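Notes for the one structure printed next.
The values are calculated or read from the model by the stated rules, or taken from the named source; none is laboratory data. What you are looking at is a predicted structure, and each value in this text was computed from that prediction instead of being measured. Reconstructed Cβ throughout: ideal geometry from the backbone, glycine too, with neighbour counts over all protein chains shown. What goes into the accessible areas is simple: the full protein's heavy atoms, side chains included, and nothing from ligands, DNA or RNA. Shrake-Rupley method; radii C 1.70, N 1.55, O 1.52, S 1.80 Å.
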Amino acid sequence: MERMSIMAKETMKNKSTRELLLAASALNRRSFVKGGAAAGAIVAAGPAIIENALASSGEINILMWSDYLPPEFIDSFKAKTGIKINYTGIGSNEEIINKMKANKGQGFDIVSPTNNQNLEWGPLELLQPFDMSKIAIDRVNPAMSKIGTDGWNFKGKGVHWLPHIWGTEGIGWRTDLWAPEGGVPSYGDVWSEANAGKTMGRPHSMMLGAGLYMETIGELEKGDVWKAYTSEAAMRPIWQKITDWTIARKKNIKILWNDADTQKNALLKEGVIVGQTWDGPPLALKSAGEPIQYQAPKEGSMAWVDGMSMPIGAKNMEEIYAFIDYAYQAEPAGKAINKHGYNSPVLGADKFTDASYKKNFAEAYPGDALANLNPWPAQAPWYAEVRTEYRNKFVSA
């Protein structure tokens, strides 16, 4: 009975997150007349923040996903504010947490955890709350900002996370070399004998994708992948099956990736024809004219929101708020989308995107794909540890 109660709560959490992401995606695809007006009403706060920032050190140290701050964004921010961004790119949440643990929260002004990491970050006490009076939060999709107020208000001290970029993980492929059967790809395509030696994925998430596919072919019970989040006792037998299944097919995988550049290079230069990827890298290639497509698979794409958090050792406070203010302006947010290929929570950002962005979005999520999103569930520390154990077994096999 207790397990069923936990599972019911987790299901409700997932449903709530899915509703937020659906609301966000719907807002993201249309013009924001009302939202743009609201943003304009509070834009006056920006210059004061920037002026204060220029009076301090003029630098900011950011630990963020490797393709989220295109050079054009960094250059325009410096031209506008005079502030230099010291940008350290990362490829996983584990890297962020491990670096912050090792440095005891020192060395960076902003880090970028994913929304489902709150259960891991809370107990660490390595983040400090934002002064929300300095943040134009009304410029941001309320469905996204709600994640921070609901899940990242640690010990009632305030918001420790702000939305920055959202996207999904699904299937990317070379349109000149491969096509999904029936027009819709599957996580199973990454593991198939037909594509052996020409596929790629990130170890822990492609194992989860394999689990979702295994549910459709009877290798796992329907719902097992999400049941694994409820307790270690529930997780271990499920992930053992996933690990055994994926190890038996590991020979079919050509490349294991951990960042955006590896995904791009694999599709362009390494002979990969199909892989489990983030949406940004293949869509950025597609926008650049390469024969690449990205689409939500039959089993549903994995959805996430990456944010901005402030470590306890943050030093450049005025620069932090100047950066957030700039990141929450529609024009720079929209222009950044054209480079990194993900989606922005900033109201009106889509007005400043290329025409290809809207086309790419519609083609990536056809039909009921947005209604079939799989939000990454909140991940407890024990889950991360056990997943790493099975992930390492797969990688070393």
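Descriptive notes on the structure:
- With R₀ set to 41 Å, the beta-carbon distance separating A380 from E331 gives a calculated FRET efficiency near 0.55.
- If R0 equals 35 Å, the separation of the Cβ atoms of T175 and E125 corresponds to a calculated FRET efficiency of about 0.15.
- N258-N103 FRET efficiency (beta carbon distance; Förster radius 25 Å; 0.05 resolution): 0.75
- The stretch between K358 and N153 holds 70.4 nm of extra length on full extension. This uses 0.36 nm per residue minus the Cα-Cα distance.
- Region 214-315 - charge dipole about Cα centre, Lys and Arg +1 at Cβ, Asp and Glu -1, debye rounded to 20: 220
- The aspartates and glutamates whose alpha-carbon is closer than 13 Å to the alpha-carbon of K104, local same-chain residues fewer than 8 away aside, are E125.
- Ratio Rg/Rh, restricted to the chain and using Cα atoms, in which Rh is the Kirkwood radius: 0.96
- Computed magnitude of the charge dipole of the chain (debye, nearest 20; Cβ of K, R +1, Cβ of D, E -1): 180
- Overall form of region 174-315 per C-alpha gyration tensor (a/c, 1.5; a/b vs b/c): oblate
- Using alpha carbons only: equivalent-ellipsoid semi-axes of region 62-183, gyration tensor based, whole Å: 28, 20, 17
- Region 202-245 and region 294-343: distance between their alpha carbon centers, rounded to Å: 30
- Positive dipole terminus of the chain, leading residue within A314, A333, A362 (C-beta point charges): A362
- Among V190, M206, W173 the positive-end extreme of the charge dipole of region 148-300 (Cβ point charges): M206
- Taking 0.36 nm per residue of separation and subtracting the current Cα-Cα distance, fully stretching the chain between K80 and E290 would add 72.3 nm.
- Degrees between helix 330-340 axis and first principal axis of the chain (Cα, 0 to 90, nearest 10): 30
- Fraction of accessible area attributable to carbon and sulfur, the chain (%, probe 1.4 Å): 53
- Label-to-label distance, S92 versus I312, with points set 7 angstrom from Cα along the beta-carbon direction: 2.6 nm.
- Dipole magnitude of region 195-242, debye to nearest 20 (Cβ charges: Lys/Arg +1, Asp/Glu -1, about Cα centre): 180
- Rounded to 10°, Cα long-axis angle of helix 45-54 versus longest principal axis of the chain: 80
- Spatially proximal lysines relative to K269 (Cα-Cα < 23 Å; intrachain offsets below 8 disregarded): K198, K250, K251, K254, K286, K339
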